[in-house]
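In what follows, a structure is listed as structure tokens, so that the remarks can point back to it.
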Amino acid sequence: MNKILVTGGAGFIGANFVHHLMAHTDASVVVLDKLTYAGNEASLADVPAGRMEFVHGAIEDAELVDRLVAGVDAVVHFAAESHNDNSLSNPRPFLDTNIVGTYTILEAVRKHGVRLHHISTDEVYGDLELDDPAKFSETTPYNPSSPYSATKAGSDLLVRAWVRSFGVQATISNCSNNYGPYQHVEKFIPRQITNVIRGVRPKLYGTGENVRDWIHTDDHSSAVLRILERGEIGQTYLIGANGERNNKDVIEDILVLMGQPRDSYDHVSDRPGHDLRYAIDATRLRTELGWEPAYTDFEAGLKATIDWYVANEAWWAPQKDETEAKYAKVGR
Ligand code: NAD
Ligand code: TDX
């Protein structure tokens with residue numbers, strides 16, 4: 001695949017994927033991104049100009065998407081409204097981007113016979129009890145909890161329907177919680193790191209017993225590339241790296257790694273409908289496609305992420321005040 005259209009390439013995971021493609025393939029990319037509050041062209045500043053074209057636009061713009069899809073060998077579709085808390089205060093953009101946007105991409109790849117990989121989340125499966133030995137697998141029934149996860153579930157089902165009814169050449173992946181560089185400061189890990197840098201106490205929702213299955217974003221990228229190259233058309237792959245941790249432990253890890261007392265954080269009101277636990281069984285990806293994560297030491301990955309935020313305040317500072325003002329409105 002010589003030329004790949006990456007939607008949402010100025011966002012956290014999309015930008016890391018573009019960097020991964022630059023380092024591990026000869027492909028060139030076209031990035032289509034609307035540059036919402038979450039998009040930042042500075043995340044792509046290091047990409048060699050000759051290997052990337054940046055297009056500022058929306059995935060719901062059918063004419064634009066049709067023209068871009070016609071000129072590429074594959075589409076990797078990251079663009080989404082991605083934050084649960086935002087979906088609770090204003091769900092509408094989630095429907096427009098995640099549902100109508102994905103529909104628009106599907107119609108273009110159908111028309112031009114172009115390969116699609118659709119990026120999704122483990123949140124489509126709902127949540128698990130803390131003591132449940134089961135993990136999510138490709139056969140777990142969909143049971144989303146938030147407006148965000150419901151629209152991602154809807155987008156996945158559209159992809160499945162377009163594969164079955166129209167023979168679209170698509171694969172889907174559902175990944176667990178990512179961490180790493182270029183993540184917006186609204187998200188849990190960067191919010192707490194940047195709070196500590198600013199001398200503000202981290203904020204833990206509720207009791208903090210909620211478990212997330214953390215994966216370094218570069219491992220997400222290597223898995224997506226593997227699926228793009230070797231995945232079976234029509235198949236869904238779950239991506240995860242056995243990184244289950246509760247939020248309280250993660251906040252304490254961040255504080256200790258940043259030289260602060262382990263208990264110097266505040267409990268704030270819980271997120272309504274807060275999913276308790278996510279956990280991924282990535283057996284299919286590991287056995288059928290031979291994928292393995294590179295980041296198996298969470299503390300080391302977290303330390304590298306802290307170092308990145310310390311070194312890149314100019315990247316995140318412009319987002320910080322606006323983000324905290326949004327949280328202050330809902331008491332979190
Ligand atoms: P993000 O919010 O950091 O980035 C989203 C990007 O999409 C931004 O650059 C934004 O400008 C762009 N965008 C938004 N609406 C658009 C539109 N209508 N048209 C074009 N571009 C638009 O999100 P992220 O965390 O990088 O997530 C990327 C994808 O990965 C999403 O599909 C998300 O559901 C999925 N995912 C995320 C995680 C996670 O932990 N963050 C885990 C699993 C799956
Ligand atoms: O300040 C906080 N304090 C806190 O305790 C924030 C922002 C979050 N939390 C909790 C809520 C969650 O249990 O931390 C956990 C992680 O929160 P988020 O970073 O908002 O992620 P989550 O809701 O788990 O969803 C993420 O993973 C799956 C991504 O945002 C989604 O895009 C992805 O699909």
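Laboratory data are not the source of any read-out in this text; all were calculated from the coordinates shown. Everything quoted here is computed from the prediction, not taken from an experiment. Counting neighbours? That spans all protein chains shown, and the Cβs are built from the backbone with ideal geometry, glycine included.
Before moving on, here are some points about what is shown:
- Candidates Ala23, Ala79, Ala223, ranked by Gaussian network fluctuation over the chain, Cα under 10 Å, top entry: Ala23
- Net length gained if the chain between Ser165 and His274 were fully extended (0.36 nm per residue, minus Cα distance): 35.7 nm
- Proximal aspartates and glutamates to Lys203, defined as alpha-carbon separation beneath 16 angstrom and excluding residues fewer than eight positions away on the same chain: Asp85, Glu186, Asp249, Glu252, Asp253, Asp263, Asp266, Asp270, Asp321, Glu324
- Quarter the surface of the alpha carbon convex hull of segment 1-103 and you get the mean projected area, 6.3 square nanometres.
- Restraint check, Lys248/Lys320; Lys135/Lys326; Lys187/Lys303; Lys111/Lys187; Lys135/Lys329; Lys111/Lys152, Cα-Cα greater than 27 Å: Lys135/Lys326; Lys111/Lys187; Lys135/Lys329
- The sum of -39500 (n - 2.57) across all DSSP H runs of n ≥ 4, divided by the residue count of the chain, sets its helix-only mean residue ellipticity at 222 nm to -12500 deg cm²/dmol.
- Take the Cβ atoms of Arg230 and Ala70, set R0 to 35 Å, and the FRET efficiency comes out at 0.90.
- Ordering Pro133, His117, Gly154 by Cα displacement along the dipole of segment 104-212 toward the positive end leaves His117 in first place; charges were set at the Cβ atoms of Lys, Arg (+1) and Asp, Glu (-1).
- Here Thr25 and Glu209 are evaluated by their C-beta separation; at R0 = 41 Å the FRET efficiency comes out at 0.50.
- Taking Leu95, Leu238, Leu276 in turn, the Gaussian network model of the chain (Cα-Cα springs below 10 Å) assigns the largest fluctuation to Leu276.
- Summary value for segment 12-152: 23 percent relative contact order, contacts being C-alpha pairs under 8 angstrom separated by 6+ residues.
- Between the beta carbons of Lys3 and Arg245, assuming R0 = 56 Å, the FRET efficiency works out to 0.90 to the nearest 0.05.
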